[in-house]
Each structure stands twice: as structure tokens, then as C-alpha cells.
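Remarks on the structure that follows.
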Amino acid sequence: MSPTFKHRRGHKIHYVEEGKGVPVVFAHGFVMDHTMFAAQFEDLPDTYRCIAWDMRGHGHSECPSGPWSIADIVGDLAEFIEAMGPPCHLVGMSLGGMAAVRVALDHASSVRSLVMIDSSADGLDPALIDAYRGFQSTVERDGITEELVRETVPLFYGATYIDAHPDAIAYHVQRVKDMKPEAVIEGLRVVIERGSVVDRLGEIKVPTLVIHGEHDAAIPISAGEQTAAGISGAKLVRVPVAGHTTPIETPDAVNEALTGFFRG
């Protein structure tokens, strides 16, 4: 049985772990789970202790009742890292990156380095709020339908990957359909209502790497550029062709960037 960590507020968090050495904690994005880092778990455990959680309501983790806020996700992640044995290299993708950058700000002693993948330190673009609220309302009314999930696939994956990997897209669709509607609704609440920490990025002193797909339709690469520019010494790696899920779409590029960064 895979291990679970019981949060002090009562809900259980599922995670997977492999390898020995300095811990690397992976935090996935909205409607994803620990399996999105499967390719990283193939390479990195030879040198590092790789740990990937399922965020509340995702994967095999329990789904506490709402409302949720970004502070809840940050609190979950900070306590999880503390239980795993800090400091760690902290790798956050999309919503996981939004939580990771806040952990690096408010729990700095727990973080050895920070990696932001296809993520943002800013709030949601006001022009997108109505669309996100509409998606929330649809889930509340109709549940999670296959049609709804398939409509959002281009936000998660680049066109090249979608065309070349129909089985992976089918897996993604099924994973989202299997989620509790409340988890999707509350996850959207977190994404919509999160504030910006762009004006605090200068407080981050740990080495930072920003990886971003050039074809990311969910969070444009300008957000990655903004994050890298705001953190002293941060490095930005642009990934051609990739959309919003570079660890899945272009695993070799991501693994090369991670291993080079950690060695440095």
C-alpha cells in the first residue's frame, strides 16, 4: 500500500516515494496527480529521494470540504514537507507551483531550491475570471462530463502532444472524470481567488529555476518570464512545442534541466 500522511486538520494525503539522498518534493497541477511526474521518477531516484504527493481532492488523497483557499494548499504542502524531512528541492507545476512559490516565501527554511514549471506568481488574469466561474457553475450543475473535460484538453497539452498521444489524452480525461466534483469546484476556487505575490518575489533567496512551455495556453510563458525576472539569479528554460504540461510532453528536456540545476 502506498503511504499516506495525515494532515493536522484531519485529511489524509497520499504520496509516492522512491530513491535516496536529498529530497525532491513534486507538487502537481490542478486536476492532475502524482503520476504526471512518472518520467522524472524514472531518472532522478538514482541520485535523489523523489517524493510526489496527491494534492487534497486529487489522486488518492482525501477531499476535505470547502471552501478552499491558496493558503490551505500552501499549509498542506508546508506541513507535508516538514514531515518528509526538509530542506528539499521543491518542484511545483501550475497550481503546485503557485503553492510552492508561497512556501518558498513563508517557509523558507524548508526549501533548498525552487522549481516553477508552467506556473505563475501572479493572480488570475481578470479577463479570464468569468470563464473560470462559468466552468465552476457547469460542474456544479452537470457534474464532470466527458464533453466538458475534452473541451479543456488544449489548455493542458500542446497540439503536437495531443495528436501524437491519444492514449495519454484518454488517461487524462478519465482521471478528471474520476475526481469528485467538489474537488474540481474547490480547486477552481483556489485558482480564481489566489492573490499575486509578484511584488514579493525579491524576498526569495534560494536558487530558482523556471521551466515553461512556449505553447502553454493555460498560463502564458510571459508569466514564467515575470517570475524569473523577479527572483535574483533565477534561470528561465523555454521549452519549444510544449504546452502546459512539460513534465509529460517533453520529459527529456525537463529532466535535463532539473538534473543540471540540482547539480549546480
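The values are calculated or read from the model by the stated rules, or taken from the named source; none is laboratory data. Worth saying up front: this structure is predicted, and the values here are computed from it rather than measured. Here the Cβ positions follow ideal geometry from the backbone for every residue, glycine too, while neighbour counts run over all protein chains shown.
Below, the figures for the structure above:
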read-out	value
Yes/no for Leu148 being on the phi < 0 side of the Ramachandran plot and either touching a residue at least 24 places away in the same chain (Cβ under 8 Å) or of a type outside the set (A, V, I, L, M) (or both)	no
Top-ranked residue of the stretch 112-145 - restricted to ones that are part of a helix (DSSP H, G or I) and touching a residue at least 60 places away in the same chain (Cβ under 8 Å), ranked as surrounded by the fewest Cβ atoms within 10 Å (Cβ to Cβ)	Ile129
Single residue of Val31, Val25, Val103, Val74 found to be of a type outside the set (Gly, Ala, Ser), within 22 Å of Val197 (Cα to Cα), crowded, with 16+ Cβ neighbours inside 10 Å and in contact (Cβ under 8 Å) with a residue 60 or more places away in the chain	Val25
Filter result for the condition that a residue is outside any helix (DSSP H, G or I) and of a type in the set (S, T, N, Q), over Ser61, Ser109	Ser61
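Conditions tested, residue by residue: (1) loosely packed, with under 14 Cβ neighbours inside 10 Å; (2) out of contact with any strand residue (DSSP E or B) (no Cβ under 8 Å at 6 or more places or on another chain); (3) over 16 Å from Met55 (Cα atoms); (4) at pLDDT 95 or above.
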site: Thr152; (1), (2), (3), (4): no, yes, yes, yes
site: Tyr157; (1), (2), (3), (4): no, yes, yes, yes
site: Tyr161; (1), (2), (3), (4): no, yes, yes, yes
site: Ala164; (1), (2), (3), (4): yes, yes, yes, yes
site: Ile169; (1), (2), (3), (4): no, yes, yes, yes
site: Met179; (1), (2), (3), (4): no, yes, no, yes
site: Ile185; (1), (2), (3), (4): no, yes, no, yes
